[in-house]
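First up is the structure itself, then whatever we jot down about it.
The values are calculated or read from the model by the stated rules, or taken from the named source; none is laboratory data. On a predicted model such as this, the values are computed, not experimentally measured, just so you know. Here the Cβ positions follow ideal geometry from the backbone for every residue, glycine too, while neighbour counts run over all protein chains shown. SASA here: full protein model, heavy atoms, side chains in, ligands and nucleic acids out. Shrake-Rupley method; radii C 1.70, N 1.55, O 1.52, S 1.80 Å.
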Amino acid sequence: MFKSVDVFATLRPVLSPLPSRERARVRGGVRNGIGRVSSSISPLTPTLPCRPRSRLHALAAPAAARMRAETPPTPRKGRGGSWLVASALFLIAGIGFAEPNIKNLGRPATPAEIKAWDIDVRPDFAGLPKGSGTVARGQEVWESKCENCHGAFGESNEVFTPVIGHTTKDDIRTGHVAALRSDTVPQRTTLMKLSELSVLWDYINRAMPWNAPKSLSTDDVYAVVAYVLNLGGVVPNDYVLSDKNMQATQNQLPNRNGKTREHGLWELGGKPDVQGSTCMTNCAPKVTISSRLPDFARNAHGDISAQNRLLGGLRGVDTLRPAPTEFVPLAARVSKGATGSTSTATTAVDPAKLAAQHACLTCHGIANKIVGPALIDVHKKYAAQKSDAAKLLVVRIKSGGSGAWGSIPMPAQDHVPDADIRAIAEWIAAGKFQ
Amino acid sequence: MSTEFTFARDMSRLGRLQRAPEFFLTRDALTLPRDDRRSFLRKAFLAASAATIAGTSARAFAANETANETAGDPAILNLLAHSKGLGQPVAARPYGLPSKYEENLQRRESPGLTRVGAASVSFAPLQGFFGIITPSGLHFERHHQGWWDIDPSQHRFMINGLVANPKVYTMDDLLRMPSVSRMHFLECGANTGMEWGNVAVPTVQYTHGMLSCCEFTGVPLKWLLDDCGIDMKKAKFILAEGADGSSMTRTINLANALDDVVVAYGMNGEMLRPENGYPLRLVVPGVQGVSWVKYLRRIEVGDMPYATKDETLHYVDLMPDGQHRQYSSIQEVKSVITSPSGGQVLLDKGFFNVTGIAWSGRGKIRKVDVSVDGGKSWKVARLETPILDKCLTRFNIDWTWDGGDAILMSRATDSTGQVQATITEMRKVRGSKSIYHNNAIQSWLVSANGEVSNVQVG
């Protein structure tokens, strides 16, 4: 990677001829210098295991400007005394470089800071904090904090693919989930794919519950991991999972042998496993269409005519109508296309859209409970209040809180503009969700 | 199926009014003349719109009327409001917006694909893009736990692990450093994943729209690793971690990390958009989007891969033998025709500019071939400049639609010599349940009714 030759070509117009030893100094200095000239002043510099080295390309433009742009500091394995840096500093400072100094930017991370953020747990369980949890405690955690979204048995499809299902005792023996080779399972569950126990621990610890990540205690993470494994038939009801038996538990995972790195999609320069043809003529004697969308799916993605530009030689297909049997003269389409778009532009605020935009619908389904109650159920509850319903809802939405529907609190929504909250509240109160 | 298509350039029609009325028969043209007092024009217009309503081509209007010296296009003869009034002042919109006539082109979700909006994806409207740069507001989105607009003064970036000096940088620190700006594509590993088994979605927005391409600005990661004194003897991998609720984590090979990975804050000349990781994200050229960790808070240098959630439970490619490929990362050579493409309808027979994009996570695009007969024969398309490493390349080729069936396909070759394969060739090796890394040739059927639809040929 390292190209040294160009340094001189660049510097020569600026620097007067130097004896060769001096050149070596310049070279070493420039490597260290650009972007980090005063790094040489830093007491850290001599102790670093690696030193920067610049990669200079053939340069034609005025030296100073080009060098600034093209001499990033990069790691190198070579050695260079700090005296080289010092002399370069002098030379470069002398010709007017004043570059930002990476060394003096940033500061050492304190042990407490590293501890606070370095939470990852590796497959060899490095990083795993000490602790333990029972399946029984795990069930309590699951039922209060996870079941809402993932279902009582981890089987729910409502917010995400199921956590549990389709693994067998035999899989635990082989370490390969047999269902992965069949076409009988529509969706892969978490447990079917889980090859490293560390990730179940790490992921729940860093990201779950989804709406309150990083809120579980260490012991509760152990407990709920134990419970998930218990739901999957991997550990018995009286199991206590701890930092001591993570590896032993890992050895029971149904898909622990289910991963391969034998492919060309990771390493730089990895070898591709599929190569296309370079044929240019007479490549396929017969062309048959093997798959297309069925007619009933024509508008499954809405009106495509409203998803295309209204200019050029093409328009979006009007998927709200059946496909024409023959070529439709362009003028009919042009007039439809031209007027079709503006009607959507002038529609009044759509409360359903507002609810989506303000993420209400992340937690509330219209007809189904997610984290919060279904909006239909909220409507029913408030229908009795008649005239005051919308007003009451505005207050509840703004302030959030818990207890009306369960223990999970709704976060206060006071960041949402009043007008939007009013529109959504009226929409819920009216109960017309089409 | 008709296979008689010529690639001869037929531009002559474009300049002739009567041949391409769709270029001037705007909405204004259809509505304004109703108020017009000059009766001869009104008559001309009414005749034309009557013809339109009757379903005959508006072509008749111009073709007949050009002989009549007093007739003409109302959009020319009747000065419109914008020619006769005063326009908006400067900074009326301090942050500019697209024309209201462009509002059809938006990021959209694919109904039924995911269950909740904060763990979902919105697709970029590739069918409407020109060139290679994705407008920032239309960059596709993929969030696992919602997006945030993080206060940059509160954001910190830490490097720890196998380094002599673990460090913390503020955004001020990072923006003061020397920077690089590079254009790269960003493609989700699951892009086109819905199509492994069969055709599942109608348009290029949904088949290929988990793809964007921007200019990113930031600090090469290797400068920072060097600054922290990376232990080159022991280090083999890095872990990148986000600051949001999901705290997304991904393992990256050290070779990649030292090659061209950038700790980026800039996108298309401004700061990253919140949906794209404001104020800091990793740019991992050529590698699937999930590794471009958003809200980047930490890099850990280590000596083994981390098997994180999104490289153990997701972003693993299921092979026919029941094994999952783990750490599949590189986005291989791929291309797609964006126009004409699925869900569009051709307004007329005659000349079309067939246009699309090609890219490879292994290097540059060397060549793109286009077929209009379902792969029986291919012609080499024109590549537009710039042609950059791990970046979209725009291609164009002339085509004349004769009104018959046609199947449009594009096939890219990259600088390593890898050629994009057909879906049949892909399935032979990888089955159809991989979800990820489907870089197969895309086929669009142009039917005799003018509609273009998504098909697979086998």
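Step through the residues of the stretch B:184-193 one at a time and calculate ³J(HN,Hα) from phi using the Karplus curve (6.51 cos²θ - 1.76 cosθ + 1.60, θ = phi - 60°), rounding each to whole Hz and writing x for Gly and Pro.
Couplings: 9, 7, 9, 10, 5, x, 8, 4, 6, x Hz.
In the stretch B:173-215, whose amide N lies under 19 Å from the spot 7 Å out along Cα-to-Cβ of A:Cys283? List them in ranges.
Nothing falls inside the zone, counting backbone N under 19 Å.
Beta carbons within 10 angstrom, averaged per residue: use that to sort the peptides A:264-270, B:434-440, B:452-458, highest first.
B:434-440, B:452-458, A:264-270
Whose amide H sits under 5 Å from the amide H of B:Ile230, counting only residues 5 or more places off or on another chain, with H placed in the peptide plane?
Answer set, sorted by chain and number: B:Ala164.
Given a Förster radius of 35 Å and the C-beta distance between A:Asp243 and A:Glu267 as r, what FRET efficiency does 1/(1 + (r/R0)^6) yield to the nearest 0.05?
0.60
Hull surface divided by four, with the convex hull built on the Cα atoms of the stretch B:334-455: how many nm²?
Across all orientations, the stretch B:334-455 yields a mean hull projection of 7.6 nm².
How many nm separate the modelled label positions at B:Thr416 and A:His415, each set 7 Å beyond the Cα in the direction of the Cβ?
Simple spin-label model gives 4.1 nm for this pair.
Just how large is the dipole of chain B about the Cα centre, in debye to the nearest 20, putting +1 at every Lys and Arg Cβ and -1 at every Asp and Glu Cβ?
240 debye
Kirkwood Rh, Cα Rg: Rg to Rh for the stretch B:94-177?
Here Rg/Rh amounts to 1.11.
Each label point is 7 Å from the Cα along the Cα-to-Cβ direction; what then is the distance between the points at A:Ala112 and B:Ser153, in nm?
Computed distance between label sites A:Ala112 and B:Ser153 equals 2.3 nm.
Beyond 28 Å between alpha-carbons counts as too far, so tell me which of A:Lys259/B:Lys167; A:Lys169/B:Lys309; A:Lys369/A:Lys391; A:Lys214/A:Lys432; A:Lys353/B:Lys84 fall in that bin.
Pairs exceeding the cut-off: A:Lys259/B:Lys167; A:Lys214/A:Lys432; A:Lys353/B:Lys84.
Could you run the Karplus curve 6.51 cos²θ - 1.76 cosθ + 1.60 with θ = phi - 60° over the stretch A:259-276 and give me ³J(HN,Hα) per residue in whole Hz, x for Gly and Pro?
Result, rounded to whole Hz: 10, 9, 10, 7, 7, x, 9, 10, 5, 4, x, x, 7, x, 9, 10, 10, x.
Counting protein heavy atoms only and a 1.4 angstrom probe, how many square angstrom of accessible surface do chains B and A bury in total, to the nearest 100?
11900 Å²
Going by average Cβ density within 10 Å per residue, which order do the peptides A:400-409, B:271-280, A:174-183, B:81-90 take, highest to lowest?
The peptides rank, most packed first, as B:271-280, A:174-183, A:400-409, B:81-90.
Please list, ordered by chain and number, the residues whose modelled amide H lies under 5 Å from the amide H of B:Met210; skip anything fewer than 5 residues away on the same chain.
B:Ala124, B:Thr192
Can you work out the PRE-style zone for B:Ile133? Point 7 Å along Cα to Cβ, and I want the residues of the stretch B:271-312 with backbone N under 17 Å.
In the stretch B:271-312, the label zone of B:Ile133 (backbone N under 17 Å from the point 7 Å along Cα→Cβ) covers B:271-273.
Which of rounded, prolate or oblate describes the stretch B:117-325 when judged by the alpha-carbon gyration tensor and an a/c cut-off of 1.5?
Oblate shape, in that a/c is at least 1.5 and b/c is the bigger or equal ratio.
Using a 10 Å cut-off around each Cβ of peptide A:177-183, what is the average number of partner chain Cβ atoms that fall inside?
3
Compute the separation of the alpha-carbon centres of the stretch B:147-174 and the stretch B:88-115 and state it in Å as a whole number.
32 Å
Can you give me the pair-distance distribution of the stretch A:132-250, C-alpha pairs, 5 Å bins, whole percents?
2, 12, 22, 26, 21, 11, 5, 1
Just checking the output field for A:291-303: average partner chain Cβ neighbours within 10 Å of each residue's Cβ?
5
So which aspartates and glutamates can B:Lys334 reach, going by Cα to Cα under 17 Å and dropping same-chain residues fewer than 8 places off?
Cross-link targets: A:Asp273, B:Glu187, B:Glu195, B:Asp369, B:Glu384, B:Asp389, B:Asp414, B:Glu425.
Which whole-Hz ³J(HN,Hα) couplings does the stretch B:393-398 yield from phi under the Karplus relation 6.51 cos²θ - 1.76 cosθ + 1.60, θ = phi - 60°, glycine and proline marked x?
10, 8, 10, 9, 7, 7
If you fit an axis through the alpha-carbon atoms of helix B:39-54 and take the longest principal axis of the Cα set of chain B, what angle between them do you get, 0 to 90°, nearest 10?
The two axes meet at around 60 degrees.
Over chain B, how many percent of alpha carbon pairs lie in each 10 Å bin up to the one with the longest distance?
4, 18, 25, 22, 16, 9, 4, 1, 0
Per residue of A:208-215, how many C-beta atoms from partner chains lie within 10 Å of its own C-beta, taken as a mean?
3
For the pair A:Ser387 and B:Glu384, what calculated FRET efficiency results from E = 1/(1 + (r/R0)^6), where r is the Cβ-Cβ distance and R0 = 51 Å, to the nearest 0.05?
0.20
What's the FRET efficiency of B:Ala91 with A:Ser399 using the Cβ-Cβ distance as r and R₀ = 41 Å, to the nearest 0.05?
0.60
Please list A:220-226, A:117-123, B:360-366 highest first by mean number of surrounding beta-carbon atoms within 10 Å per residue.
Order by mean packing, descending: A:220-226, B:360-366, A:117-123.
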